[in-house]
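Right, one structure below, let's go through it.
The values are calculated or read from the model by the stated rules, or taken from the named source; none is laboratory data. All of these numbers come straight from a predicted model, not from anything done at the bench. With ideal geometry, Cβ positions are generated from the backbone for all residues, glycine too; neighbour counts draw on all protein chains shown. We work out accessible area using only protein heavy atoms, side chains counted, and drop any ligands, DNA or RNA first. Shrake-Rupley method; radii C 1.70, N 1.55, O 1.52, S 1.80 Å.
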2 protein chains.
Amino acid sequence: MAPPSAVEVSAESDTTGITLPNPLTAPITSNDIFGRRKKANKSQWGIAAASDTANFRLKSYGKKPKAKRWDHIISHEALTRKGNSLKEAAKFLATPGLISLGGGLPSSDYFPFEELSIKVPQIGHFSEAETKESGVTLTAGKHDLAEGKSIFDIATAFNYGQGAGSAQLLRWMTEHTELVHSPPYEDWRCTMTIGSTSAVDMALRMFTRPGDVILSEEYTFSAFVETARPMGVRVCGVPLDAEGLLPGGLDHILSNWDVNARGARKPHLLYTVPTGQNPTGATQSAERRRALYAVCQEHNLYILEDEPYYFLQMQPYTGPNAPDVPPPASHAEFLKNLVPSYLSMDTDGRVMRLDSFSKVIAPGSRIGWITASAEVVEKYGKHADVSTQGAAGTSQLILFKLLEEHWGHAGYLDWLIHIRMEYTKRRDVILQACEKYLPKEVMAWKPPMAGMFHWMQIDFKKHPEYPAKSIEAIEESIFFRNIEHGTMCMRGSWFYADAEDSHDTLFFRATYAAAPADKMDEAIRRLGESVREEFGLEKYVKGAVGGK
Amino acid sequence: MAPPSAVEVSAESDTTGITLPNPLTAPITSNDIFGRRKKANKSQWGIAAASDTANFRLKSYGKKPKAKRWDHIISHEALTRKGNSLKEAAKFLATPGLISLGGGLPSSDYFPFEELSIKVPQIGHFSEAETKESGVTLTAGKHDLAEGKSIFDIATAFNYGQGAGSAQLLRWMTEHTELVHSPPYEDWRCTMTIGSTSAVDMALRMFTRPGDVILSEEYTFSAFVETARPMGVRVCGVPLDAEGLLPGGLDHILSNWDVNARGARKPHLLYTVPTGQNPTGATQSAERRRALYAVCQEHNLYILEDEPYYFLQMQPYTGPNAPDVPPPASHAEFLKNLVPSYLSMDTDGRVMRLDSFSKVIAPGSRIGWITASAEVVEKYGKHADVSTQGAAGTSQLILFKLLEEHWGHAGYLDWLIHIRMEYTKRRDVILQACEKYLPKEVMAWKPPMAGMFHWMQIDFKKHPEYPAKSIEAIEESIFFRNIEHGTMCMRGSWFYADAEDSHDTLFFRATYAAAPADKMDEAIRRLGESVREEFGLEKYVKGAVGGK
């Protein structure tokens, strides 16, 4: 009898051949995954069971180089962490007939939950209205695993788990990572996080020591700076343009690093948000990334690639009143049009990539994952075992039901395309409002290609009171005029990587992620009023274009 | 029209008057809580809204003393942590008519969840079989808050939240804390955790610096030691007996602390599990706690009171074949019979109490809370904002539906009484098996009064090869004999607070929390066989008592 074809074996509907950005042996398609899964070791589905994400990869990586070692930059804390000695005993649990009075796990008899259900969209009918109408209810029972109904259930998910997360959901994450990024070295692994905020905190504790300086975009995610500073770690801003970090700027800082003048060893860590960066909205092109990776190799920098907005890459902006660009025709086209990740070009294993469900499923899940070399992932997991204890089982079970058992990989790509088109619409609304209301004589912006943020520059030199009125004072005035006019945007200065550096730019950040279209339009109109007032410009007149 | 009585206002069924351990103004009963809740500020139910747990307390604490300040022991990291500057902007969100393009929160339009349901027990019908039969399904809709159906919903819980947790569930935690512990100082607060493992990690980062020595039971929770050591913090074991830590032992260590000999400043932190301690199962009596608190005052120690097993206090053990002690007749009696917490006697505000749902609801919720002075709780929350980001919204919503909207405080006390009776049964099974199978000539134990662990001492001095065969070698032999016989217990040496100290005791830890009754009986029989073999004793003969 002939083996079943991939399509027959697949539980999924996708039949478009997806070519990976970096094919190594053969291209993987999302419908291949179910068909090609290795025979699963059933013990890994059990309560608090360990798993190895190497087993979840489909391709042979044996011929690829192994990742570089990072012992020389890993902190004393991370190097000396031994992990939980009681887990040593766990290896005996497989002994046939063994009755364990060992681990202090409560019996699921006392979990007061018999069933958990979620109502979620059908593939292709993703809107809130459609979900209300045609949504599907997925139910997890308490003992589905023992009863053979599923490989995950309440009794398992609601008990203690590994810091690395359950094999059930980790498998899905590993496969998704291989499908999208296919890292070009042998010993890459995934491990679950409780979200990227925590992953950054844990990565900094692994890769820095007090007194270090690390590198980032000169305008950066403020929580990142606020996480690093109390650890005694300063952030040095690298200049950027509309395509993000400048390779020359990065090289210049590192090539001219003066340990005495800087009071710190030469930086060994770069934190970057390459796609839809917060707050600038900048997205690094493929060429930019390759150039930056080469600089990182040159100076042996380790890279934290924080990518919450990776799948908020949008359709090209065509300008006001121009026809929309049609959605990607296939999963292959969708994936091909994504800018390649650092992970996908990481021949050295010098990248820890941070993925998150916060922007594409829901922040309240508090689940993400990292991908990095086995050395780094193992240390991360040991820290998780004695701190976060891993992601909430409630969330793991909910995402497993949705992503593994309902949508599958292909359905999830459909969902991501839906999100892409929705964010494109939102981005276009804010850009059209900006075209209409903002005074171009003093304001400038580039259409964001990804993420949630629109970054608007203000030419403070044209302010009637400049330089008597400082950049910060003008920024503050506009902020408060905004509040008076009934709108709020974030001040650029709140995002300085190093607030003690001198700055000669003035920006505001607006998000198009949250407000409805009519409110966004009105909020931008109010912003235009504030800036005109502050600069003593003529008021906006309806019907005029470009604020004339 | 007369105001409705507390019973009429209450959504709960309990009408037993519960007198608090430390009544300050008037006794609070669980059915008072709904009737006496202060008029709630509705804005605190919103997405990522801030709240102040001081508002959730029912009694006036104004006349009580304020907590002592702890700046002198708080770490540089915690003292310099500023929290998130973007949250500064949040205060303008209340401006009427304001349209915010500020915070980068995704729209709930893109959360693919329309409803979440859980099937849970009715009050008084708590067993798994009864829940299957008569369980109630609780449903959270996506927009229940906006639609006036509930104060919590998917759109809110699944978005970003405060590191401190949602007001919706924090209120419940604060009320429960007041009901059970009523801390005797003015400025106590609660804040949510992602479980006590993380809370311990965060507390150590707040209260220690590398080189410190902290204090704990000489046999202690191994993950605690493994959390502290990589931070450069050593744990000094305090002697204990069947009632836990010895006040004289604690005082002796502190009074004789030699900074030079010890190579560390005098300890300022005590970590203790006062109830059903892991691994010893010891429960400190009320008198023992008062004596220990006085020693802590004397030496100005800060106390981490880790209490996962507080509500696993059991009925008195009456011996084999004796009639069971009937369950508590009322909530008042149940609460009165609990050993008072350190928090309830903490006139100084020197206690951080760690509560957890892991042992009484489900570990996979990854939710607990701490209670401490406002100073400490504020610093904890700021750390959470840049690390854990707070408990998963999925879990918060599930627990809110169960605890706040379904069971209420009275129903939860009923559940806790159910758990108490169940653990009593389990504990009695293991004790009866020990009576039957273990060789009393070389083994001794005390019946545990709380928790999940039975701690059995072995008289290594009676071993035929002692002292040629060391304590550790005898322990190891018994461990492996156990595996051969098909049972597993944890080795006492795995729980040494300081493995480098010399030890002259030999213990094994068995849990009665997980295995069914018949398996527990068999596992203990096998343990008896192993020990008899190791010591060259006669085999157990069925029908004989006490292993004779």
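Does region A:111-119 contain at least one residue that is at pLDDT 95 or above and of a type in the set (Ser, Thr, Tyr)?
yes
What are the residues in region B:141-150 that are more than 10 Å from chain A (Cβ to nearest Cβ) and either closer than 29 Å to A:HIS143 by Cβ or among the polar types (S, T, N, Q) (or both), if any?
Passing the criteria: only B:SER150.
Please enumerate the residues belonging to region A:389-420 that are of a type in the set (Val, Ile, Thr) and open to solvent by 10 Å² or more (accessible area, probe 1.4 Å).
Passing the criteria: only A:ILE417.
Is there a residue being more than 26 Å from B:LYS425 (Cα to Cα) and in contact with a Cys (Cβ under 6 Å, 6 or more places away or on another chain) anywhere in region B:286-308?
Yes: region B:286-308 contains one or more residues that are more than 26 Å from B:LYS425 (Cα to Cα) and in contact with a Cys (Cβ under 6 Å, 6 or more places away or on another chain).
Quick one: count up the residues across region A:491-514 that are assigned to a loop (DSSP other than H, G, I, E, B) and open to solvent by 10 Å² or more (accessible area, probe 1.4 Å).
Going through region A:491-514 one residue at a time, the tally reaches 9.
Which condition number in (1) assigned to a loop (DSSP other than H, G, I, E, B); (2) open to solvent by 30 Å² or more (accessible area, probe 1.4 Å); (3) more than 7 Å from every other protein chain (Cβ to nearest Cβ) is the one that B:LEU93 fails?
Checking B:LEU93 against (1) assigned to a loop (DSSP other than H, G, I, E, B); (2) open to solvent by 30 Å² or more (accessible area, probe 1.4 Å); (3) more than 7 Å from every other protein chain (Cβ to nearest Cβ), the one that fails is (1).
For the subset of region B:471-485 comprising residues that are open to solvent by 10 Å² or more (accessible area, probe 1.4 Å) and either in a loop (DSSP other than H, G, I, E, B) or touching a residue at least 24 places away in the same chain (Cβ under 8 Å) (or both), which member is farthest from the other protein chains (Cβ to nearest Cβ)?
B:ILE471
With more than 28 Å from A:CYS434 (Cα to Cα) and in contact with a helix residue (DSSP H, G or I) (Cβ under 7 Å, 6 or more places away or on another chain) as the only criterion, which of A:GLU305, A:GLU287 stands out?
Answer to the selection: A:GLU305.
A quick yes/no check of all residues on (1) away from chain A (no Cβ under 14 Å); (2) surrounded by 22 or more Cβ atoms within 10 Å (Cβ to Cβ); (3) part of a helix (DSSP H, G or I); (4) at positive phi:
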residue: B:ALA199; (1), (2), (3), (4): no, yes, yes, no
residue: B:GLY211; (1), (2), (3), (4): no, no, no, yes
residue: B:ILE214; (1), (2), (3), (4): yes, yes, no, no
residue: B:ALA228; (1), (2), (3), (4): no, yes, yes, no
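Among what's in region A:63-82 and is open to solvent by less than 20 Å² (accessible area, probe 1.4 Å) and more than 12 Å from every other protein chain (Cβ to nearest Cβ), pick the residue that is farthest from A:THR347 (Cα to Cα).
A:ILE73
Quick one: is A:LYS87 in contact (Cβ under 8 Å) with a residue 12 or more places away in the chain and surrounded by fewer than 22 Cβ atoms within 10 Å (Cβ to Cβ)?
Answer is yes for this residue.
Among B:MET488, B:MET520, B:MET449, B:MET443, which is open to solvent by 40 Å² or more (accessible area, probe 1.4 Å) and at pLDDT 95 or above?
B:MET449
Can A:ARG427 be described as surrounded by fewer than 24 Cβ atoms within 10 Å (Cβ to Cβ) and either under 24 Å from the mean Cα position of the chain (by Cα) or at negative phi (or both)?
no
From the list A:ILE151, A:ILE99, A:ILE74, A:ILE118, which residue is β-branched (Val, Ile, Thr) and without any contact (Cβ under 8 Å) to a residue 12 or more places away in the chain?
Residue meeting the stated conditions: A:ILE99.
Specify which of the listed residues (A:ALA164, A:ALA146, A:ALA155, A:ALA140) is in a loop (DSSP other than H, G, I, E, B), aliphatic (A, V, I, L, M) and farther than 29 Å from B:PRO210 by Cα.
A:ALA146
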